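This report refers to the structure that appears directly beneath it.
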Amino acid sequence: METRRRRRAVRLLTAAALLWAASFAAHAGEVEVLHWWTSGSESRSVLELKRLLATQGHTWRDFAVVGGGGDSAMAVLRSRVLAGNPPSAAQIKGPAIQEWGRLNVLADLDDVAAAQKWDARLPAVVASVMKVHGRYVAVPVNVHRVNWLWINREALRRTGARAPTTWEEFFALADKMRHAGIVPVAHGGQSWQEFTTFESVVLGVGGADFYRRAFVDLDPAALRSETMTRSLQTFRRIKDYTDPRAPGRDWNVATAMVIKGEAGMQFMGDWAKGEFLAAGQQPGRDFICVSSPGTSRAFIFNVDSFAMFRLKDPAATRAQKALALTIMQPEFQESFNLSKGSIPVGSGVRLDRFDLCAQESSAYFTATAMVNTLVPSIAHLMAQPAPIEHAMREVVAAYWNNDRMTPDEAMTRLVKVSRPRP
Ligand code: BGC
């Protein structure tokens with residue numbers, strides 16, 4: 001009697017499990033995701049997203065395009081969309097979301113956003129970037145702070161100096177590191193990295209209002225000014241402290257120089273911290289994060305996000321929505337950002353497991369928003385449409401690479417390329 005009852009229970013359970021699996025399979029779909037997260041810590045972070053999606057039965061088709069800053073990824077994206085074959089999701093950010101949205105190719109995520117209360121959970125400065133005509137078409141992943149200086153702790157100790165807060169202190173420290181046989185600044189000679197350093201210099205020399213006038217308003221009176229001249233001069237001085245093998249070097253290879261103590265410092269957003277952590281290093285013990293000189297009261301933000309393309313296949317659309325839902329879940333926000341180096345973007349995520357650099361970043365993000373010194377990154381496509389950003393970036397890189405170009409010449413070219421096309 002007992003055995004029969006148990007057999008029946010097992011049969012019922014099996015039937016229920018099969019039913020559950022069948023409904024699961026009916027809902028399962030594939031998402032093809034275009035992104036440029038290919039460094040060690042970036043790939044590790046992406047794995048987290050794949051894993052969470054897989055637990056819901058969906059498959060992730062990886063479409064990774066190598067190249068820090070995303071230049072190559074964006075070129076590949078354009079050709080795929082033009083060929084009528086967009087990926088389900090692509091790492092697109094800033095004003096580019098609006099551009100794609102206006103072409104009417106993006107999917108509407110308002111239902112997911114309403115279910116997870118994105119409007120209430122996201123800072124306004126982020127939510128507005130994710131919407132086109134008032135509707136969500138992209139989901140934010142994180143907030144990166146760009147204006148950081150990463151310092152090898154041992155290199156700092158050997159110089160007997162403190163972490164710099166002003167440009168004067170920075171150059172004094174760089175001199176000491178050079179005397180100690182350490183490359184003072186690890187640099188990767190690629191135009192986006194030069195522009196990344198430059199935006200931190202402009203913020204440090206001119207302050208947030210000046211930064212905004214120059215890079216957000218594209219005000220010619222700021223782009224050609226005494227403050228811009230000083231910024232360009234300071235920027236060029238930094239080059240003296242880099243090594244001759246910098247040209248073409250990837251950003252994570254430059255970070256590795258600081259990790260190993262071959263170089264003392266690096267200007268880079270906090271995705272660099274992901275590399276330190278992946279190498280088993282800890283802030284305070286092995287490396288130090290400080291605001292780049294003169295920028296401790298300001299924050300250059302860079303928000304990673306995924307935009308979803310409108311698809312016909314209902315299973316693929318469901319997988320897309322699952323991806324968006326997963327990204328905004330506190331569990332994902334915590335685990336992803338712990339390895340990516342950034343901070344969570346939505347409210348409701350506890351920060352106790354985050355290190356001091358992240359806690360500082362989070363506090364600054366809120367504080368700088370209140371005093372209006374929170375500014376969008378131009379080098380990371382948060383401030384201008386890609387064509388303007390690229391043209392300005394090429395001027396800055398040309399100036400960095402050609403010592404004969406004067407600040408005056410660079411400013412004339414910056415004003416010219418930043419004019420709206422007629
Ligand atoms: C992205 C980061 C990425 C970095 C280097 C930035 O533009 O926002 O997520 O880690 O480029 O590839």
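The values are calculated or read from the model by the stated rules, or taken from the named source; none is laboratory data. Computed from a predicted model, the values in this text were never measured in an experiment. Ideal geometry is used to build each Cβ from the backbone, glycine not excepted, and the neighbour counts take in all protein chains shown.
For a quick check of your reading of the model, give me the residue pairs whose first member lies in region 87-98 and is over 12 Å from V132 (Cβ atoms), whose second is acidic (D, E) and more than 15 Å from the ligand (Cβ to nearest atom), with beta-carbon atoms closer than 9 Å and at least 6 apart or on different chains.
Qualifying pairs under 9 Å: P87/E32; S88/E30; S88/E32; A89/E32.
On the given criteria, is G261 at positive phi, assigned by TED's automatic domain parsing to the domain that holds N401, without any contact (Cβ under 8 Å) to a residue 40 or more places away in the chain and in contact with an Asp or Glu (Cβ under 9 Å, 6 or more places away or on another chain)?
In short, no.
Suppose we keep only residues that are part of a helix (DSSP H, G or I), of a type in the set (K, R) and under 22 Å from the mean Cα position of the chain (by Cα) within region 26-84. Which one would you say is nearest to the ligand (Cβ to nearest atom)?
Initial filter on region 26-84 (part of a helix (DSSP H, G or I)): 26-27, 40-54, 68-82.
So of that shortlist, the ones also of a type in the set (K, R) come out as 44, 50-51, 78, 80.
If we keep only those that are under 22 Å from the mean Cα position of the chain (by Cα) too, we end up with 44, 50-51, 78.
On the way: R44: 12, K50: 16, R51: 19, R78: 17 Å.
Only one residue tops the list, namely R44.
With the checklist (1) touching an Asp or Glu at 6+ places or on another chain (Cβ under 7 Å); (2) touching a residue at least 12 places away in the same chain (Cβ under 8 Å) in hand, flag the one item R224 doesn't pass.
(1)
Is there a residue being within 19 Å of A96 (Cα to Cα) and touching a residue at least 12 places away in the same chain (Cβ under 8 Å) anywhere in region 397-415?
Scanning region 397-415, I find no residue that is within 19 Å of A96 (Cα to Cα) and touching a residue at least 12 places away in the same chain (Cβ under 8 Å), so the answer is no.
For the list (1) buried (at least 19 other Cβ atoms within 10 Å of the Cβ); (2) not in a strand (DSSP E or B), I need the number of the one condition that D243 fails.
That leaves (1) as the condition not met.
Does D111 satisfy the criteria of being in a helix (DSSP H, G or I), within 22 Å of N302 (Cα to Cα) and away from the ligand (no atom under 16 Å from the Cβ)?
Values: in a helix (DSSP H, G or I): yes; within 22 Å of N302 (Cα to Cα): no; away from the ligand (no atom under 16 Å from the Cβ): yes.
The answer is no for D111.
Yes or no: K93 closer than 25 Å to F354 by Cα and of a type in the set (K, R)?
Spelling it out, K93 is indeed closer than 25 Å to F354 by Cα and of a type in the set (K, R).
Could you tell me which residue of region 146-180 is surrounded by the fewest Cβ atoms within 10 Å (Cβ to Cβ), considering only residues that are aromatic (F, W, Y) and within 15 Å of the ligand (Cβ to nearest atom)?
W148
Sort out which residues of region 181-201 are in contact with a Leu (Cβ under 9 Å, 6 or more places away or on another chain) and either more than 16 Å from the ligand (Cβ to nearest atom) or of a type outside the set (A, V, I, L, M, F, W, C) (or both), and write them in order of number.
Correct list: P184, S200, V201.
Given the conditions (1) without any contact (Cβ under 8 Å) to a residue 60 or more places away in the chain; (2) acidic (D, E); (3) crowded, with 21+ Cβ neighbours inside 10 Å, and given that D304 satisfies all but one, which numbered condition is not satisfied?
(1)
Just the residues that are within 16 Å of the ligand (Cβ to nearest atom) and over 21 Å from T295 (Cβ atoms), please, taken from region 367-396.
Correct list: P385, A386, H390.
Has region 345-356 got any residue that is within 19 Å of V129 (Cβ to Cβ) and at pLDDT 95 or above?
Scanning region 345-356, I find at least one residue that is within 19 Å of V129 (Cβ to Cβ) and at pLDDT 95 or above, so the answer is yes.
How many residues does region 328-362 hold that are under 26 Å from N252 (Cα atoms) and free of Cβ contacts under 8 Å to residues at least 12 places away in the same chain?
The total comes to 2.
What about V137, is it within 30 Å of Y364 (Cα to Cα), outside the structural domain of W271 (by TED's automatic domain parsing), modelled with pLDDT of 95 or more and touching a helix residue (DSSP H, G or I) at 6+ places or on another chain (Cβ under 6 Å)?
The answer is yes for V137.
For region 299-352, name all the residues that are within 14 Å of the ligand (Cβ to nearest atom) and of a type in the set (K, R).
If the condition is that a residue be within 14 Å of the ligand (Cβ to nearest atom) and of a type in the set (K, R), then K340 is the only one that fits.
Could you grab the pairs with beta carbons closer than 9 Å, sequence gap of 6+ or different chains, first residue in region 102-124 and more than 19 Å from P344 (Cα to Cα) and in contact (Cβ under 8 Å) with a residue 24 or more places away in the chain, second one among the hydroxyl-bearing types (S, T, Y) and surrounded by fewer than 18 Cβ atoms within 10 Å (Cβ to Cβ)?
A107/T317
For region 230-246, state whether one or more residues are within 16 Å of the ligand (Cβ to nearest atom), at pLDDT 95 or above and out of contact with any Ser or Thr (no Cβ under 8 Å at 6 or more places or on another chain). Write out each step before concluding.
Looking only at region 230-246, we keep the residues that are within 16 Å of the ligand (Cβ to nearest atom), and these are none.
No, every residue in region 230-246 fails to be within 16 Å of the ligand (Cβ to nearest atom), at pLDDT 95 or above and out of contact with any Ser or Thr (no Cβ under 8 Å at 6 or more places or on another chain).
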